[in-house]
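What follows is one structure encoded as structure tokens, with my remarks underneath.
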Amino acid sequence: MRYTDRVPQFSACLPYPLTIALMTPGGMILRTEVVEEEAVGIPMKDEDIDHALSTLAYWQRNGSSIVREFKFDGFLGSMEFVNRVAQLAEGQNHHPDIAISYNMVKLSLSSHDSKGVTQRDIRLATAINKLKS
């Protein structure tokens, strides 16, 4: 667990990108890692969300989430799509809220730990759109 995961209110004060070093007790650097702002889940500004949604077909803002509905020929089409979304979401370690109603699937993306829409949500929505196209 990263420091900014444990103390998220401080993550907004840090300069990004950060370079973090994993060191031995003697001070020898074992490896370094660059951490981008999106990695700590900082909520996006309203204008940045609006801009991102202007490039994401069919996604809309709904409070602190972005949502999209998908329509299929039947229940099996819905379930096949949801299973593909599940695999994609698991690979990104970022999971949507999913509502299934026969041939309709509603996906809602929000970074609950950040209490808003983050770059993780935009990245997953973009990948989901590629599944449906």
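Is it the case, given these coordinates, that L18 is at pLDDT below 60, more than 20 Å from V117 (Cα to Cα) and not assigned by TED's automatic domain parsing to the domain that holds S111? Before you say what the answer is, go through the steps one by one.
Values: at pLDDT below 60: yes; more than 20 Å from V117 (Cα to Cα): yes; not assigned by TED's automatic domain parsing to the domain that holds S111: yes.
The answer is yes for L18.
What are the residues in the stretch 54-85 that are among the polar types (S, T, N, Q), touching a strand residue (DSSP E or B) at 6+ places or on another chain (Cβ under 8 Å) and within 20 Å of I122 (Cβ to Cβ), if any? Spell out how you get there, then give the answer.
Within the stretch 54-85, the first condition is being among the polar types (S, T, N, Q), and the residues that meet it are 54-55, 60, 62, 64-65, 78, 83.
Next, only the ones that are touching a strand residue (DSSP E or B) at 6+ places or on another chain (Cβ under 8 Å) stay: 60, 62, 64-65, 78.
Listed by number, the residues that qualify are Q60, N62, S64, S65.
Using the structure shown, decide if K71 is of a type in the set (K, R), surrounded by 13 or more Cβ atoms within 10 Å (Cβ to Cβ) and within 16 Å of N129 (Cα to Cα). Before you say what the answer is, go through the steps one by one.
Numbers: of a type in the set (K, R): yes; surrounded by 13 or more Cβ atoms within 10 Å (Cβ to Cβ): no; within 16 Å of N129 (Cα to Cα): yes.
Criteria not met by K71.
The values are calculated or read from the model by the stated rules, or taken from the named source; none is laboratory data. Please read all numbers here as calculations on a predicted model, not as lab measurements. As a convention, Cβ positions derive from the backbone with ideal geometry for all residues, glycine included, and neighbour counts pool all protein chains shown.
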